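Shown next, in structure tokens, is the structure this report addresses.
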Amino acid sequence: MTIAEHIREEVTFNAIKGLLEKNFDDQFIADVVKLPIKKVREIIQKIKDSNQ
């Protein structure tokens, strides 16, 4: 993974986390970050797992 890819993943993760904290649903988040709903749901699960 390149530095650019790592930064992109980090920014995407933080954007999804922020939108989730504002109570936006997964479909809206997928539309905003331009990712498939499946990928967004995987990231949301990682966020939830890291908060436990």
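The values are calculated or read from the model by the stated rules, or taken from the named source; none is laboratory data. Keep in mind the model is a prediction, meaning the values are calculated, not measured. Cβ coordinates were reconstructed from backbone atoms using ideal geometry, including for glycine residues, and neighbour counts include every protein chain displayed. Side chains are part of the model used for accessible areas, which takes the heavy atoms of the whole protein and leaves out ligands, DNA and RNA. Shrake-Rupley method; radii C 1.70, N 1.55, O 1.52, S 1.80 Å.
Considering the stretch 11-29, the residues that are without any contact (Cβ under 8 Å) to a residue 12 or more places away in the chain and closer than 11 Å to I47 by Cβ include one that is least open to solvent (accessible area, probe 1.4 Å), namely G18. Can you tell me which residue is farthest from D49 (Cα to Cα) among those in the stretch 17-34 that are of a type outside the set (D, E, K, R) and under 11 Å from the mean Cα position of the chain (by Cα)? Checking each candidate, the answer is V32.
Taking first residues from the stretch 30-45 that are surrounded by fewer than 16 Cβ atoms within 10 Å (Cβ to Cβ) and partners that are outside any helix (DSSP H, G or I), the Cβ contacts under 8 Å between residues at least 6 apart in sequence or on separate chains come to V32/F24. The numbered conditions (1) open to solvent by 50 Å² or more (accessible area, probe 1.4 Å); (2) part of a helix (DSSP H, G or I) are all true for Q52 except (2). Just the residues that are of a type in the set (K, R) and part of a helix (DSSP H, G or I), please, taken from the stretch 1-39. Matches in the stretch 1-39: R8, K17, K38, K39.
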